[in-house]
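Below: one structure, written as structure tokens.
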Amino acid sequence: MQNLSVVAVDNQPELTGSEFSSAPRFPNSLVGNIARDLADDIVTGRLRPGHDLNSVELARRFDTSRTPVREALLLLEKEGLVEIAAHRRPRVKRWSWNDICELYQVRSTLNGLVAELVVKNATARELELLDARFQSQVEACERHDVEAFFRAMVIVRDTEACICGNAQLRELLEQLQLRMQQLRHFSVSTPQTMLEATEDYARTLRAYHERDGELAAALSRSGMQRSLERIRRLGWKGTE
């Protein structure tokens with residue numbers, strides 16, 4: 001999965017590389033590269049929930065033995081993207097609707113806290129940086145470019161985590177990152193849902209600039225709930 005980097009605004013330090021990777025910090029190794037590529041396939045829906053992950057076929061795809069493939073699948077199991085049961089072939093994780101609702105409940109609460117802290121701690125220059133990165137999301141929405149939109153959305157959310165001023169909160173968000181991205185990608189997979197997500201975040205961004213922490217937190221949480229509703233409306237097929 002590629003690193004997500006964007007250009008700095010004026011004198012604002014550029015945040016690049018692992019700071020804006022759309023995957024966790026997988027090791028810089030064959031195992032890490034396999035895990036990163038498979039994570040990208042799962043997040044973007046090329047590998048659907050329930051898809052069998054045949055280690056022989058994957059070893060052939062990556063031109064390697066089965067051992068690094070198995071190690072990569074264990075990394076993805078830890079990230080919540082793959083399930084490995086005894087005496088069964090590994091497969092892409094299937095989510096129950098209850099699991100999805102619980103995950104969104106947690107992320108909604110964390111996002112609300114991020115929003116409060118952005119209002120409290122972010123400088124005017126950092127909000128300008130957030131504006132610039134959100135503009136990339138707006139432009140991708142206008143082009144109906146789902147993949148560019150999703151990458152921009154990841155960068156916007158990661159920027160929030162960077163400027164909120166709480167390293168422990170950012171670490172918690174990173175732990176949920178991949179399993180959330182699989183669902184978030186699906187939630188913005190049409191022009192209409194991209195537009196809805198853009199309008200939701202534009203309201204939150206205005207609250208940031210108005211320095212209204214209570215409103216920003218409420219809008220951030222409600223935006224997550226609307227994202228969950230979009231998943232339901234689009235007919236998520238990954239539930240058990």
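The values are calculated or read from the model by the stated rules, or taken from the named source; none is laboratory data. As the structure is a prediction and not an experimental result, all values here were calculated from the model. Neighbour counts run over all protein chains shown; Cβ positions are idealised from the backbone, glycine included. For accessibility, only protein heavy atoms count, side chains too; no ligands or nucleic acids. Shrake-Rupley method; radii C 1.70, N 1.55, O 1.52, S 1.80 Å.
Things to note:
- Those residues of region 174-220 which are of a type in the set (Phe, Trp, Tyr) and over 30 Å from Thr123 (Cβ atoms), in sequence order: Phe186
- So Gly45, is it within 26 Å of Ser189 (Cα to Cα), surrounded by fewer than 17 Cβ atoms within 10 Å (Cβ to Cβ) and touching a helix residue (DSSP H, G or I) at 6+ places or on another chain (Cβ under 7 Å): yes
- Within region 39-56, being on the phi < 0 side of the Ramachandran plot, assigned to a loop (DSSP other than H, G, I, E, B) and not β-branched (Val, Ile, Thr) holds for Arg46, Leu47, Arg48, Pro49, His51, Leu53, Asn54.
- Checked against the criterion of being within 28 Å of Asp37 (Cα to Cα) and either at pLDDT 95 or above or under 18 Å from the mean Cα position of the chain (by Cα) (or both), region 205-218 has no qualifying residue.
- Considering residues of region 26-36 that are more than 19 Å from Ala152 (Cα to Cα) and of a type outside the set (Gly, Ala, Ser) only, the residue surrounded by the most Cβ atoms within 10 Å (Cβ to Cβ): Ile34
- Considering (1) at pLDDT 95 or above; (2) on the phi > 0 side of the Ramachandran plot; (3) surrounded by 14 or more Cβ atoms within 10 Å (Cβ to Cβ), the lone condition that Ala59 does not fulfil carries the number (2).
- Condition check for Leu178: part of a helix (DSSP H, G or I), open to solvent by less than 10 Å² (accessible area, probe 1.4 Å) and in contact with a helix residue (DSSP H, G or I) (Cβ under 7 Å, 6 or more places away or on another chain): yes
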